[in-house]
Each structure stands twice: as structure tokens, then as C-alpha cells.
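Comments concern the structure below.
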Amino acid sequence: MKKVLCILTVLFQLASFSQNKEVLYNFTSIPQSSLVNPGADVSYKFYFGIPALSGVSANIGSKSFSAYDLFANNGVDFNDKVRRIVNRSSNNDKTQINQQLELFSGGFRVGGEESKSYVSFGVYQEFDFLMYFPKDIGVLALDGNRDYIGKLFNLRDVNLRAEVLSVFHIGFHKKVNEKLVLGGRAKIYSSGANATSTKNSGYIYTGKDAGTANVYNQIISSDLELKTSGIASFTKDEYEGSIAGDIAHNTFFNGSLGLGFDAGITYYFKENLQFTASVVDVGFIKQSKDIETLTYKGYYEYEGVNPIFSDTNEPENVFDDFEKAIPRDTLYNKYTTWRPVKFYSSMQYSFGEYRSDADCNCKGKVGRRYLNSVGGQLFLMTMPRAPFTAFTVFYKRSILEKLDIKATYTFDSFSKKNIGLGVAGTIGKFNIYALVDNVLEYKDVTKANSLAFQFGLNFVFQDSED
Amino acid sequence: MGLYLKNKIFLFAFFPLLFISCSSDLDFDQVDDLKLKPVFVANVAHFDVPANEFTDNGQEQLIAFDEKEFDVFKKKFFTDNLVKLELDCETENTIARAFTIDLLLFNENDDVLETITLETPAYSGNPDVIKHTTEIFEGQRLDLLKQTVKIGFVVTMGSGAPLDENSQGSLKLQSGATAYLEIE
């Protein structure tokens, strides 16, 4: 338990929230920006990422509490902290973790020197976790039902999904003309472990008739379902092995397979007025390896024991009745999960023409470059309940010919003051970038409700450097 | 622009982030302090016996008996976490005879661990719900409850005018428990 918490805190230090990569989006001096928009206006002769270091990102977001709220060494009783968090949270509060690690990536231009068609490819590993805060279950566990006569404890509050997967992808984008860039990316997903419990319903109810002191009307109506893939064998007694090692192996070599695609566009209304849009991870995984589904479905009304004096009868057990009414069933059906679909869009206005102080580059026509860009971005992501929405305004500036910064200000359900900063530079052929989110929270990361961090190293080769 | 200057700019860009990032002192051992103390209420037992059930072929039955399996508190969850239980019983008698209700808790060997006696006077024309003293199970008494596998009900009728198949009224029992848990 402690280990898990330590790892989570380390992730906290490195990371931010949902999968919105608002700093990376349309930051085209970073080749990885084509992972959030395959139609991004990225150009290179060829590039490759430094294996395992080309794209490292982690995001953590937790609406209802921060690490500080729970673990601050401030003398407040831990149980009081838990109670405070449960009381002030809502069942729509989300805790999200997303982590990605690019194992390798690369890209090259296809066709001759005049061509503006590019291929990019790679493999990355991803971990995804989303849980809604199970408020009613929390209240029931903390307080019991005595002080909540008449309340329905909603089992729908149990809502989570988690997945470890690897993604093999290949993309193509083409600058069709001076105004339009189109791109797409095909993906093969290989899921090493999946747990999905997002369609629960039912309630636990205790009622009482007016005027009676001791007769309760107690009902449990349950429609709970937990689907797992790649996990069941770890829960068996005879399992002897390393769970982390086996999940890693399954993720890359023995996973449940799926297919998906990304698509994107960049369009210049004018040379300095640009529109982009992309849709990422439209795809599914057919969960088929080591699958196990647990269900608790049924209706049980508990009245207590009721002796019958008039005839002899077999003593029955109320607890057995419960197990009969709401049995635990195990099913072995394959199931399909849909990847969370992400949608991005941006509008960007550029100004302040760049004047090169370098020697004249006389190799043909050079497009105009601008020093500054401002604009807005929209992010949407599908979730088990309402979609997640974020709106970002940004400012981008080229400090030097090959050093760009981007600052963002994002509004979303986690934070109304999420400031992000990104730097991307190229020294020779060596491209390095670092993006952080929620800069204000770095004053004390333990108090952050969401943090994101992303960095990477690439080698990028352009024509002009030949 | 020399490499040197570019490197400098990187340093300027990155180092502040390292320095402004701090963290408060956290103590993860607090997880060990977690202790949930929920309080649950639930029905225990109930019956509603009409007067004519105390007769058999016109003959009065002075004693009625039944038993039910009741091993809920023997389950590991409760033996580990139940720290106190209050049992509340209510009776309502509309039969013109007094009754004694004995609740017997049995262990696996059919030994009686505990007897709870509820006295109900004969009906005299005014409905009367009797709330009996709360039985509190703590300490040793609670340990006995955690060995219980069966609950027996013995209803003994007091003397009075004989009952027959047409006798009016009924004897009602309602009981509920308040369970105090401490889950670590």
C-alpha cells in the first residue's frame, strides 16, 4: 500500500491531469505533436526519437482531493481527513491518471526533395485510469446506515476503468498545398490488462415505518458488473510469478488486440490565420485474453428472521437467502472496450515577422515566419458519464530561430487557473522539449489537484542543414 | 548564436522550475491509522401470531416453539469488526392472556448461550406497545453472540380464560439491532 502511494506521489511530482495535452498540441517544432494531430504542419527530412526518452508523459488529476489533503503531516487525525474529503466531494468528481512512454518513434519524408508527404511511426506504452468518486459507498463505509434512514445509497457511484496497453502506429501526412495539411494515423492496440466497471446500478436502502421503533424496510437492489481482461490469473491462489513482469509481457506480446485511427487537418485561411482540428483514438479493443467478468445482480429485501409456530419447518438461513437473491456470478465472455476518443481544435493568429540575421538562405523560396502566435484551443474527451471539456488560450513565441516557447491558460473541471509552459529547442540536430502544466501548483506539488509533465529527446534532420 | 548561449537559455528556462517546485511534508504511515466506525441498523426478528394459532383442534397450546438459523455474527467480518450491539425489542399483545417470550441463542452444540425474556401482560382493551429494555452486547456477552448459530423462540402463555379457534387478537414481536463496527 505504502509503495503504491509513494509511486503515486512521484507521479504527482512529474505529472498533471486528464489526457489533454494542451501545451503539446500544435507545437509543431516537436515531432511528437503529430501524435495529437496527425495533420499538424510538421516537416522534416527524417527524425528519430531517442528510444524510451522521446516522449515521456504523465498526468494526474483528482478533483476532490490532493496528496496534501490526505497525507499532510499536520497532526490532524487521518480519519478526520478522510471524512472531510468524503463530505466535500461529489460523485461526479474524477480521479484520472494517464501515463505514456514512447519506446521508439521516427519519421521520414517520402518522395523527392520537393515532396511534402511524410510518414511517421512508433510504439508507445500507455496506462490509463479513471475513477469517479464513490461518494455514497464512502458515506456508508464511514457512517453506516443508522443516520441515513430513507436514503438510497446509489451503487451507480461505483464507476472505474483501468488499462495498460501498447500502441503500434503508423501515420501519414501531406501538405496538399500552401493552405492545407491533411493527415491520418492507423493504430494497433495491444491491451495487457483491462478492468472496466462503468455500467453499475442499484441501491442500498433502509426505510422505516412511521411510529415503529424497530422495524426497518431494508432493500438491496444490485446490478454490479466488473469485467476484467488479463487480470484473472493473478487472483488465483496457484499463481506464482511477477505481476508487473507478466503484465508488461502481455502488453507487448500477448495482449487483447484492437484497431483504431487518428485524423487531423491544418488549414490556413491566411498566411497568419490558422485552423486545426484532430480526432485521436477512434478505436476499440476486443478484450479476449484471460477474461473474467464478475456480477452481483439481484434484489433482496431483508426482514429479519420470522419464526413460524404453527407447523414444523426446516430452519432457514437469512444469509443464504441473500446469497441466493444476489449471487456472485463469474462469466467468461469476450467484451469490447472503446478507447477514450479525444477531439482537439485550435484557431491561431500570428504576427511579428521574423527577420533572420543568418546568412541568406538562397535555396529556393522560404515561407514567411512569424515570431508570435496567439489563439484558442478546445479539448473534448469521451468519458463514462459526461464528456470532459477544456478550453485553452495560448501564446507562442520564437525566442531564437530554433527555440520556441508556448504558454497556455486552461479552464477545465479540475482547475480554473491551469497555466502551462513549454519549451522546445534544437541544438544542431538534437531536439529537446519539456512541457509542464499547472505551473502555479509547483509552489507545493502535494497540494495540487492536477499536474502534468512531459519531455522528450529527438534527432531531427532538415534539408537546410545538409 | 553560439551553442553556448543556447545552452544558457535552456538552463535559465529549466532551473527555475526545479527550484520553485517544493512539497509539504507528507506522512504515508497515516494509512495505518485508518479506522472506519460505521453504525448499522437492521431487523433481527419479527412475528405476528393470531390467537387461534395457540390452539390445536380446539385444545390450547401453552407453549409454542420455533428456531431459525442465525449465524450472521459468526461470520469473520463481524467477529473481527463488531464491537458493540444493541438489541431493541417491542411487543404488542391483543390477546386476553399474558405471554412470556424467550429468545434463546444457541451455539453449534445446541447449548443455550443466552436467554432474553420478554414479559407481556394480558390485553385489557387498550392497545399497548411495550418497548423492552435495550439489551446491550459488549465484552463477554458480545463474544457469546459471536458464537451464535441459531436463535430459538419460546412463547409461553400465562393462565386465563381459554382460547379457541374463534379467539380474537394476536401477539406481535418486532426487533431491530444497532451494530457498532470498527474496521481497521
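The values are calculated or read from the model by the stated rules, or taken from the named source; none is laboratory data. Computed from a prediction, not measured in an experiment: that's the story for all the values here. Methodologically, a virtual Cβ is constructed for each residue, glycine included, from the backbone with ideal geometry; neighbour enumeration extends over all protein chains shown.
Sub-7 Å Cβ pairs linking a first residue in the stretch B:157-184 that is more than 13 Å from chain A (Cβ to nearest Cβ) and among the hydrophobic types (A, V, I, L, M, F, W, C) to a second residue that is part of a strand (DSSP E or B) and surrounded by 15 or more Cβ atoms within 10 Å (Cβ to Cβ), at least 6 apart or interchain, are B:Leu163/B:Thr55, ordered by first then second residue. Return yes or no: is B:Val49 in contact with a Lys or Arg (Cβ under 9 Å, 6 or more places away or on another chain) and surrounded by fewer than 18 Cβ atoms within 10 Å (Cβ to Cβ)? Answer is no for this residue. Does A:Val158 qualify as being free of Cβ contacts under 8 Å to residues at least 24 places away in the same chain, hydrophobic (A, V, I, L, M, F, W, C) and farther than 20 Å from A:Thr336 by Cβ? Spelling it out, it is not the case that A:Val158 is free of Cβ contacts under 8 Å to residues at least 24 places away in the same chain, hydrophobic (A, V, I, L, M, F, W, C) and farther than 20 Å from A:Thr336 by Cβ.
Yes/no per residue for (1) within 12 Å of chain A (Cβ to nearest Cβ); (2) more than 20 Å from the chain's Cα centre (by Cα); (3) of a type outside the set (Gly, Ala, Ser); (4) on the phi > 0 side of the Ramachandran plot:
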residue	(1), (2), (3), (4)
B:Pro38	yes, no, yes, no
B:Ile63	yes, yes, yes, no
B:Glu69	yes, no, yes, no
B:Asp88	yes, no, yes, no
B:Asn93	no, yes, yes, no
B:Ala98	no, yes, no, no
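When every residue of the stretch A:451-460 is checked against the conditions, at least one turns out to be surrounded by fewer than 22 Cβ atoms within 10 Å (Cβ to Cβ), modelled with pLDDT of 85 or more and more than 23 Å from the chain's Cα centre (by Cα).
Taken together, the residues in the stretch A:401-431 that are in contact with a helix residue (DSSP H, G or I) (Cβ under 7 Å, 6 or more places away or on another chain) and facing chain B (nearest Cβ under 10 Å) amount to 5.
The residue that is surrounded by the most Cβ atoms within 10 Å (Cβ to Cβ), counting only those in the stretch A:21-49 that are more than 16 Å from A:Lys429 (Cβ to Cβ) and of a type in the set (A, V, I, L, M), is A:Val23.
On the basis of being closer than 23 Å to A:Asp93 by Cβ, β-branched (Val, Ile, Thr) and modelled with pLDDT of 90 or more, does A:Ile170 make the cut? So A:Ile170 does not fit the description; no. Of the residues making up the stretch B:132-159, just one is surrounded by fewer than 13 Cβ atoms within 10 Å (Cβ to Cβ) and either touching a Gly at 6+ places or on another chain (Cβ under 9 Å) or farther than 28 Å from B:Asn81 by Cα (or both), namely B:Ser159. Among the conditions (1) over 30 Å from the mean Cα position of the chain (by Cα); (2) in contact (Cβ under 8 Å) with a residue 40 or more places away in the chain, A:Asp209 misses just one, which is (2). Within the stretch A:387-400, the set of residues being surrounded by fewer than 16 Cβ atoms within 10 Å (Cβ to Cβ) and within 14 Å of chain B (Cβ to nearest Cβ) comprises A:Arg397, A:Ile399, A:Leu400.
In the stretch A:143-167, what count of residues is obtained for those that are out of contact with any Lys or Arg (no Cβ under 7 Å at 6 or more places or on another chain) and within 30 Å of A:Gln32 (Cα to Cα)? Total meeting the criteria: 7.
Annotation for the stretch B:119-128: at least one member residue is more than 14 Å from every other protein chain (Cβ to nearest Cβ), part of a strand (DSSP E or B) and surrounded by fewer than 19 Cβ atoms within 10 Å (Cβ to Cβ). Whether any residue in the stretch A:72-87 is part of a strand (DSSP E or B), buried (at least 18 other Cβ atoms within 10 Å of the Cβ) and either free of Cβ contacts under 8 Å to residues at least 12 places away in the same chain or more than 14 Å from chain B (Cβ to nearest Cβ) (or both) is what I want to check. Scanning the stretch A:72-87 turns up no residue that is part of a strand (DSSP E or B), buried (at least 18 other Cβ atoms within 10 Å of the Cβ) and either free of Cβ contacts under 8 Å to residues at least 12 places away in the same chain or more than 14 Å from chain B (Cβ to nearest Cβ) (or both). Any residue at all in the stretch A:219-233 that is touching a Phe, Trp or Tyr at 6+ places or on another chain (Cβ under 9 Å), within 14 Å of chain B (Cβ to nearest Cβ) and crowded, with 16+ Cβ neighbours inside 10 Å? Checked the stretch A:219-233: at least one residue is touching a Phe, Trp or Tyr at 6+ places or on another chain (Cβ under 9 Å), within 14 Å of chain B (Cβ to nearest Cβ) and crowded, with 16+ Cβ neighbours inside 10 Å. Restricting attention to the stretch B:26-61, the residues that are aliphatic (A, V, I, L, M) and modelled with pLDDT under 80 add up to 2. A residue that is part of a helix (DSSP H, G or I) and among the hydrophobic types (A, V, I, L, M, F, W, C) occurs nowhere in the stretch A:49-65.
Taking the condition surrounded by fewer than 17 Cβ atoms within 10 Å (Cβ to Cβ) and in contact (Cβ under 8 Å) with a residue 60 or more places away in the chain, does B:Val83 pass? For B:Val83, the condition - surrounded by fewer than 17 Cβ atoms within 10 Å (Cβ to Cβ) and in contact (Cβ under 8 Å) with a residue 60 or more places away in the chain - is met. For the residues A:Ala195, A:Ala186, A:Ala213, the requirement of being aliphatic (A, V, I, L, M), in a strand (DSSP E or B) and at pLDDT below 95 singles out A:Ala195.
Looking across the stretch A:131-150 at every residue that is farther than 27 Å from B:Asp88 by Cα and assigned to a loop (DSSP other than H, G, I, E, B), the one that is nearest to the other protein chains (Cβ to nearest Cβ) is identified as A:Pro134.
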